[in-house]
Amino acid sequence: MPTLPWIATPAAAGTTGSLPDEVLVLGSRLLLRRARDIPRFIAAAQAIRRQVMAADGALGLSLRAEPFAKTFWTLSAWRDQEALDSFVEALPHERTMRDFHLRLRDPVFVAWTVPRNALPVDWSDAVSRIAGHAPR
């Protein structure tokens, strides 16, 4: 599975006056414990991708896959923390977090803000930020 490039949501194309100048970015590194969980993870990721595309306040997303290393990186941008929190608590994301809780080793989540016009976020910057918060 190659990197799924950044895709802007319909909300990102909205009028610029309705979006803040600074937006929230969430990056993650998700390391699966077992290779046999990869197909299930990919299916869940596709469902969550559809959820993000329809979520209120979502601005865009990308997924970087390293299946031979059992590692997946995510990037998403949000209007604000409230929009991100609403997404995290909604299905299918909430159920997927419960299902994969014990299937992940040392998941890393990092949030930061960027100017809205800096989207999409550069993957090298995101990986550097995420890796800097990973357990050693």
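Tabulated data for the structure shown
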item: For residue 127: the one exception among (1) under 16 Å from residue 63 (Cα atoms); (2) in contact with a Lys or Arg (Cβ under 9 Å, 6 or more places away or on another chain); (3) surrounded by 16 or more Cβ atoms within 10 Å (Cβ to Cβ); result: (3)
item: Residues (surrounded by 16 or more Cβ atoms within 10 Å (Cβ to Cβ), assigned to a loop (DSSP other than H, G, I, E, B) and not aliphatic (A, V, I, L, M)) located in the range 108-122; result: 120
item: Those residues of the range 53-101 which are open to solvent by 50 Å² or more (accessible area, probe 1.4 Å), in contact with a Ser or Thr (Cβ under 7 Å, 6 or more places away or on another chain) and under 19 Å from residue 30 (Cα atoms), in sequence order; result: 64
item: Top-ranked residue of the range 43-85 - restricted to ones that are assigned to a helix (DSSP H, G or I) and of a type in the set (Asp, Glu), ranked as farthest from the chain's Cα centre (by Cα); result: 82
item: Pair list, Cβ under 8 Å, 6 or more apart: the range 87-100 residue free of Cβ contacts under 8 Å to residues at least 40 places away in the same chain, other residue among the charged types (D, E, K, R); result: 88/94
item: Unmet criterion (only one of (1) at pLDDT below 95; (2) surrounded by 14 or more Cβ atoms within 10 Å (Cβ to Cβ); (3) hydroxyl-bearing (Ser, Thr, Tyr)) for residue 16; result: (2)
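The values are calculated or read from the model by the stated rules, or taken from the named source; none is laboratory data. Bear in mind that the values here come from a model prediction, so they are computed numbers and not experimental data. We place every Cβ from the backbone using ideal geometry, glycine too, and count neighbours over all the protein chains shown. Note: areas computed on protein heavy atoms with side chains; ligands, DNA, RNA excluded. Shrake-Rupley method; radii C 1.70, N 1.55, O 1.52, S 1.80 Å.
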